[in-house]
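Each value in this text was obtained by applying a stated rule to the coordinates, not by laboratory testing. Note that the structure is predicted; figures quoted are calculated from it, not measured. Cβ sites come from the backbone with ideal geometry, for glycine too, and all protein chains shown count toward neighbours.
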Amino acid sequence: MTIQAGMTGANAPDTIPDIEALAVATHDEIGRQRFCSALRRHAIQDMAGTLEHDFRERVARPAEAKGMHFDDWRMIDRAMEGEASYRFYSSVRYNAQEMCFLSVQPQVERALPAMIEVARDAAALSPAGGSLRLDPALAPPRYVDALDVHLMPGCFHSEYAEDDVAQGAVASLGSRVFTANQSHRSWGGVAKVISRWLKTDHPGFAPRRMLDIGTSSGKNLLPYAEAFPGVEAHGVDVSAPLLRYGHALAEHEGVALHFSQQNAEALDYPDGHFDLIVSSFFFHEIPVKAARRVLAECRRLLAPGGMIVHQELPSSHLVDAYEDYFWNWDTLNNNEPAYTAWRAEDHRALCIEAGFDPAATFALILPDTGAFPARGTAFAWDEPGRPMHGRGGWYVFGSKI
């Protein structure tokens with residue numbers, strides 16, 4: 001494994017330039033990106049609501065009057081696949097998702113040489129004290145390189161130049177488009193939710209060393225470093241471009257993050273190395289058999305008194321048939337083939353299978369910091385007014401030892 005280590009002292013510059021700010025959009029590109037943001041928001045909010053109303057009132061109500069009940073998402077899928085409302089909704093949502101990434105490619109291509117130089121300086125000097133470990137021999141698993149996950153051209157791992165950061169930039173800036181122009185500093189909402197819950201429900205918990213699995217560019221790792229001052233924060237991913245980009249961002253921010261290019265199914269850290277292991281929207285991207293291996297690694301790597309807290313999409317058995325149908329759209333339409341199979345699993349059961357104590361294993365809905373700013377405690381599943389995942393709450397599962 002090749003190692004690019006950090007440098008401190010007199011030879012290190014005071015700051016690393018903001019790599020994200022180098023990719024400047026033109027007037028017309030900004031206009032296009034704002035349109036893409038609005039179109040995607042319209043699709044996943046307004047059109048999604050209209051689609052559900054159409055199903056319940058025009059499709060389900062007459063069928064139920066004849067004694068038919070839609071108690072399985074597959075039944076809803078079969079009933080809706082030929083309906084004009086679904087076909088229009090699905091077409092708009094698919095194209096809006098794809099356009100978010102395509103809309104930032106021109107500015108990334110113009111700025112790519114300068115961004116590569118910044119990333120090289122960050123890797124060579126690391127003035128904040130972080131580190132970047134890359135493994136050129138690591139082949140991305142088939143479930144990563146078989147297709148463009150999330151409809152992002154080139155997926156996360158593709159490299160087109162030496163020390164490439166293009167996919168990191170496209171992922172970061174494209175995500176800003178479909179999250180209505182939030183920068184990397186305003187990302188990390190999942191980390192803010194989980195860290196707030198940890199401080200509320202486990203006030204004595206103070207991790208010395210933590211790991212973020214599938215860290216991407218570290219957007220959900222930065223907030224943990226802020227929430228737990230002094231924590232040694234590590235992030236792993238199979239994509240070198242994402243890690244180079246994330247390392248440059250962290251060094252610019254003056255936050256020491258430690259990035260490593262590894263497959264989470266078999267990590268090189270010693271047993272009991274971490275007090276906290278987290279992830280966000282990671283497990284539904286990998287096959288269930290790979291998820292089992294990752295959870296087994298989590299158990300091996302967790303120190304006594306430690307916790308795993310993984311944010312994900314809720315299991316099918318925790319939602320009604322229509323919500324199940326809504327989430328599973330991504331399986332066929334957003335290049336996420338493991339999505340439905342992952343959601344069909346009982347995530348607590350998978351943790352127990354990996355060796356975690358059943359009594360210490362949980363599946364919760366945590367309140368979003370924006371929707372419930374004063375509440376850090378989890379919602380009970382039967383609590384009146386409990387928000388759905390993604391609509392005021394976040395689904396997490398995990399355990400502790």
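Numbers at a glance
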| read-out | value |
| --- | --- |
| Cα gyration tensor, the chain - rounded (a/c under 1.5), prolate or oblate | oblate |
| Rounded tilt (10° steps) of 166-178 against the dominant C-alpha axis of the chain | 40 |
| Selection from Gln33, Thr361, Ala240 lying farthest towards where the dipole of the chain points positive, charges on Cβ | Thr361 |
| Mean residue ellipticity (222 nm) of the chain, computed from DSSP H runs ≥ 4 via -39,500 (n - 2.57), nearest 500 | -12000 deg cm²/dmol |
| Cut-off 11 Å between beta-carbons: net charge of the residues surrounding Asn334, Lys and Arg +1, Asp and Glu -1 | -4 |
| Links that overshoot a 22 Å alpha carbon limit, given the list Lys219/Lys400; Lys192/Lys400; Lys192/Lys289; Lys192/Lys219 | Lys219/Lys400; Lys192/Lys289 |
| Cα-centred dipole magnitude for region 27-102, charges only on beta-carbon of K, R (+1) and D, E (-1), debye, nearest 20 | 80 |
| Within the chain: Cβ-based charge dipole about Cα centre, in debye rounded to nearest 20 (Lys, Arg +1; Asp, Glu -1) | 640 |
| Rel. contact order, % - alpha carbon contacts under 8 angstrom, at least six apart, region 262-401 | 28 |
| Positive dipole terminus of the chain, leading residue within Phe228, Ala256, His284 (C-beta point charges) | Phe228 |
| Helix axis angle, 189-201 relative to the chain longest principal axis, alpha carbon, degrees | 90 |
| Choice from His247, His347, His317 with maximal GNM fluctuation in the chain (Cα, 10 Å cutoff) | His317 |
| Calculated FRET efficiency for the pair Lys66/Asp135, C-beta based, R₀ 60 Å, to 0.05 | 0.50 |
| Candidates Val118, Val236, Val24: whichever shows maximal mean-square fluctuation once the chain is modelled as a Gaussian network with Cα springs under 10 Å | Val24 |
| Filtered trypsin sites (Lys or Arg not before Pro), region 179-269: DSSP coil and at most 16 other beta carbons within 10 Å | Arg185, Arg208 |
| With Cα atoms, 0 to 90° folded angle of helix 27-41 axis to the chain main axis | 40 |
| Farthest toward positive dipole pole in the chain [+1 Lys/Arg, -1 Asp/Glu at C-beta], among Ala321, Pro337, Phe156 | Ala321 |
| Gyration tensor (alpha-carbon) shape descriptor, region 27-102, a/c threshold 1.5 | prolate |
| Among Asp382, Asp46, Asp268: highest mean-square fluctuation, GNM of the chain, C-alpha pairs under 10 Å | Asp382 |
